[in-house]
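Take a look at the structure below.
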Amino acid sequence: MPDLLRNYLGAELHLKLTVLDRLTNIQISNENDPNYTDFICVALWDSVVQEIKNYWEFSESLSCVVDEIKEEIKIEKSVGGVIGGVASKINELLEKLNSISPEEMKGMAETASKTLKELETSKAASLFVEAGKNKASKVQ
């Protein structure tokens, strides 16, 4: 079960148990027992909710809030949200690069060049080259 759904169902159950606890004299002592919570929610929920004058208005408002949160999550995870995050990180990197002195930049370039040479001559590089050749031969 996805975390979002689990969190939503958990929050909904907690809301129901809280309302039942406040509006009835039933002691809710073991809300982690699924049989107990099913009994409470199925057996009593409909009758208790009917006695709450504005519950459906509240429920509708709550549903709108949940829909807005889902939309925000969808936007954050969308391609545009990801690209926005990457662009933000690139801007931060450029700002940091702007503050680096030429001597530091030269040292970084030397370190990068040395690291690339080490990677090119490493055993891992030859494995990647071999894997690429094998994949190319299978495609033909």
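The values are calculated or read from the model by the stated rules, or taken from the named source; none is laboratory data. What you are looking at is a predicted structure, and each value in this text was computed from that prediction instead of being measured. Here Cβ is always computed from backbone atoms with ideal geometry, including for glycine, and neighbour counts include all displayed protein chains.
Being over 30 Å from LEU4 (Cα atoms) and exposed (fewer than 10 other Cβ atoms within 10 Å of the Cβ) narrows it down to one residue among GLU118, GLU95; which is it? Working first, answer last.
Values: GLU118 fails: exposed (fewer than 10 other Cβ atoms within 10 Å of the Cβ).
Criteria check complete, one pass: GLU95.
Hey, could you check the range 41-94 for residues that are under 15 Å from the mean Cα position of the chain (by Cα) and of a type in the set (Lys, Arg) and say which is nearest to LEU23 (Cα to Cα)? Of everything passing the filter in the range 41-94, LYS70 is nearest to LEU23 (Cα to Cα).
Given the structure, is ALA43 modelled with pLDDT under 80, assigned to a helix (DSSP H, G or I) and either aliphatic (A, V, I, L, M) or touching a helix residue (DSSP H, G or I) at 6+ places or on another chain (Cβ under 9 Å) (or both)?
Working: modelled with pLDDT under 80: yes; assigned to a helix (DSSP H, G or I): yes; either aliphatic (A, V, I, L, M) or touching a helix residue (DSSP H, G or I) at 6+ places or on another chain (Cβ under 9 Å) (or both): yes.
The answer is yes for ALA43.
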